[in-house]
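Contents: one structure, followed by commentary.
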Amino acid sequence: MGSTAVAEPGAVATTCAHCGLDALGGEARECEGLLYCCAGCETAAAVIRECGLEGFYDLPERRGVAVRSSGRSFAEFDHEAFEAAHVTHTRDGLAEVALYLEGVHCASCVWLVERLPLAVPGAVRAELDVTRALLRLTWDPGHTTLGALARALDRLGYRPHPYRGRRADEARRAEERALLTRIGVAGAIAMNVMAIALALYSGMFGGIEPEFERYFRWISLALVVPALLWPGRVFFTSAWTAARAGRLHMDVPIAVALAAGFLQGAVNTVRDSGPIYFDAVATLVLLLLVGRFLQYRAQRTAADASELLGALSPAIARVVHPVTGEVDEVPVEAVVPGMVLEVRAGDTLAADGTVLTGASALDLALLTGESRPVGVRAGSAVFAGTVNLGAPLRVRVDAAGETSRLGRLLHEVEAGAQRRAPVVLFADRIAGWFIAVVLGLAVVTVALWWGRDPAGAVDHAIALLVVTCPCALAMATPLAFTVAIGRAAGRGILIKGGHALEALASRGTLFLDKTGTLTEGRLALASWEGTDAAREAVRALEVHSRHPLAAAFAAAWPELPLVEATDVRETLGAGIRGTVAGRDVRVGRRDWVGIDGPAMDAGAEADALTEVVVAIDGRLAGRATFTDPIRAEARAAVDALREAGWEVRILSGDSAPVVANVAARLGLAGDRHEGGASPERKREAVQEALAGGPVVMVGDGVNDAAAISAATVGIAVRGGAEASLAAADVYLAHGGIAAFGELMAGARRTTRLIRRNMAVALAYNVVAVALAMLGLLDPLIAAVLMPLSSATAILGAWRGHTFARAAA
C-alpha cells in the first residue's frame, strides 16, 4: 500500500498525488499544481474532489496501484438480457445487483466504494466485501442507471464485472439467515432455561417451596419443547435420515441424548420427582448449532472460488451480423459457436475461437503464464480470458461458456475446492466408532443395573448418553482451525480451510510458478549500451506507447528530460519510429530497425533477455536488454523450504531455457524444473506428484488455477491475478514468498494443538463412561459436565499457540 508523499518546501514532488507511485513516467501529467502518474489517477482524483471525498487521502493505508480506467460505456449493463440475468427488484421499487470489482486491495477501497451514493445521485447503498471483492449495489432506477454507476466505479479504478453466482449466493444467504435465526432462538431459550435451572439448583441447597419448584419444572418443559421442535429439529431429521440409510454419524447420539434427556425430564416433571435435564438439552442445542454454523462458513469458500473466477470473463461480446456486417453488443451468455466476434484493442476475448482476419498481440499471462505478448494472425487459435493488446481481430467462435478452455478450468477449480481436512475425516471416522460404542455401552449399562435398580439403570444410561455427547470431539478440530485461520489473517496470511494447514504441516512436493511468484512479473531494463542522445530519443518515442517495454524504459530513466517527437508510428510486434530533433529514430527489433547482425546469443536467450535496438538515421545508436527480475527473497525462501523437507520444483508456462536459468540461480538444477507447461500440463504434473504425498502449488494467474485446485494446497501470492486468489487455499497478502516460513511453522503448531485437543476429548469421554457405568455419575452432574467439556474444547482452541497475534 502506498501513501501520497509530501514534498519538502522548495522540493519538487515526484510521486502521484492519488496513488503515491512514481509520477515521472511517460504518462505523467500535472493538474492544478498536483502531479499524477497517469490519466486514470488524474480522473479518479477529480471525481473524489468533486464529490467531497477528500477524506480518502487522510486514510493511513491506501492502494498503491495506479488507476487504469477502461473508458467503457457499460451500456450492456442496461441491456434487458443483462437485467434478467443479474438484477433483482425490491418491493419498494429499488434495484439490486452483485458486482465483482477488479482492483480491490484494502480498507481504503472499502471506504471509497461504499461512498458511491455520495458521488452518483440515485445510488442508495453500496456494500463491499473486501475479501471477495464483491459489491452489493442498490439504486433507484427512476434516477440513475446501472451503466452510469458502473462508469463511476470504472473512473475510480474499480472495473466492475457481473457476479454470475448471484442466484446461488442468494440461496446460501437465505440458508445462513435461517441458521442464524435458529441460533438466536436456541440462545434465547437456553438462557431462560438456565436461569430457571439456577433457581432450582439453589433450592436444592437453600430450600424451595414445592409449588415454586413444580412451577419452574413445568415452565422449563414448556420452554424446551419449541427448542427441540424448531432449532433442534435439524439433528433429529439428520439422525433419522442416517438411520434409514444404515449409517451412523455424529447426529445419531446427539438425537438419542436429546430425546432421552427430554423424555426422562418430562416423565420426572409429571411425577414431580427426580432430576430434569432441560437446561442440558437447551444448552446442547445451542452449542451444536454454533458449531454447525462455523463449519458452514468454512465450506462456503468452495463455491466462491469458481464464481469469482468466472466473473473475470467479459460481460459482453461484439457480434458481427453475418449479412449486414453490423456489430452488436450482446451479453456473453448469448455467444454460441459459429458466431463471428469483433475483438478490439484492450478487449478480453469472450470465447475460444479462430482468428479470421487481423493480426495482433495477445496477453496470455492469465492462461499460459507467458510473460511476453504472443502474436496471432489469421488461422491462429485464441482463447477466452486473454487480452487483445494491439489491432482489432475478427474471431470465429469455436467454444463458449462452460465448453471453453476457461470454462473447463473453472470446472477444475470447483471440483478441487470440495475437499475436507484429513484430520477432520479422521475425526469423522472416530465419531462413527465412538457412536456405535456409546450406544452399545448405554444398553450394557441398563442391562447391568436393571436387576438391582430399574429406575437407576435408566438414570445411569441417560447420564452416559448425556455426558459422552460427542460435542467436544466434534468441536475440537473445527474450532482450532477457525482460531488459527483468524490469527493467520491478522498476519497477512489468508487461509480458506483447515485441510491446507494440515497438509502444510507435513512434507511433500512444492511446485512454484516462475512469472510473478519467483520473479517480479514485470519487465525491467537489464543493460544499456549507447549514448545519452540515444537515450533521450528513445524516451521521446516511448512516451507515445503503452507497450510494457515503454513502461520499462520510463521506469529506468525517470530523470531524463522529455523531448518532443513528431510523426510517431508504432508497428505491432516490431517497434516504434518517429522524428526527434529532425532525425529519424527507430526503436525495436533488430531486423525491423534495419541493423544487420544476430539478435542475441544463446546465453542472452537463457537469461530471458528481450533485446531492443535503437537506430538514428539508419545507424546503430544503442542497444537495450530487458528481463523479468527474480524477487530478492526468492533464494532464501527456497532454501528454507528445502531445509524443512519439501521437494521444491519450478513449473512454469514460460520458455524452457528461461525457466532453467531461473532454476539454476535458485539452486534448483537438474530435473527440478519444467518450462513451457500449459495449464492442463500443470494440472497433470500436480496430479502425478500426488501419488507421492502432499502437493503444494504456488502461482499467480488463471493458468495456475486448475493446478492450484488439483493440489493438496494451492497458494497465491499478492500481486497475482484475482483468479488465482479465488482458486487458492492460501493467499499471502504481503507479496512474494517470504511468508512461507511463518505459514509452515503455524501449520505445524495448529496440527499439534488439534491432536492434543482430540486426545483430551477422548480421554474425557473414557473417564466419563467409566463413572456413568459404575453408577458414580448422577444425571444432574452429567448435565453440568457436558457443557463444561465443550467449554474446555473452546478454551483449548483459543489459548493454543498457532500463529502469533497481530500487533495492536
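The values are calculated or read from the model by the stated rules, or taken from the named source; none is laboratory data. What you are looking at is a predicted structure, and each value in this text was computed from that prediction instead of being measured. Cβ coordinates were reconstructed from backbone atoms using ideal geometry, including for glycine residues, and neighbour counts include every protein chain displayed. Note: accessible area is taken over every heavy atom of the protein model, side chains too, but ligands, DNA and RNA are not part of it. Shrake-Rupley method; radii C 1.70, N 1.55, O 1.52, S 1.80 Å.
At 1.4 Å probe size, with no ligands or nucleic acids counted, give the accessible surface of HIS544 in Å², nearest ten.
Approximately 100 Å² of HIS544 is accessible to the 1.4 Å probe.
Please calculate the 1.4 Å probe accessible area of ASP279, with all protein chains present, and give it to the nearest 10 Å².
10
When only the heavy atoms of the protein chains count and the probe is 1.4 Å, how do VAL717, VAL330 rank by accessible area, highest first?
VAL330, VAL717
Identify the GluC sites (Glu not before Pro) of region 522-589 meeting these criteria: DSSP loop state and at most 16 other C-beta atoms within 10 Å of the C-beta.
Filter output for region 522-589: GLU559, GLU564.
Per-residue counts of other Cβ atoms within 10 Å, averaged by peptide: what ranking do you get for 500-512, 582-594, highest first?
500-512, 582-594
Take every Cα-Cα distance within region 123-162, group them into 10 Å bins from 0 onward, and report for each bin the whole-number percent of pairs it holds.
Result, from short to long distances: 27, 61, 12, 0 percent.
With a 1.4 Å probe and all protein chains in place, put HIS79, HIS499 in order of accessible area, largest first.
HIS79, HIS499
Add +1 for every Lys or Arg and -1 for every Asp or Glu among the other residues with Cβ under 11 Å from the Cβ of ASP328, and state the total.
On the way: positive: ARG318; negative: GLU76, GLU326, GLU329, GLU342.
Local net charge: -3.
Accessible area of TRP557, 1.4 Å probe, to the nearest 10 Å²?
10
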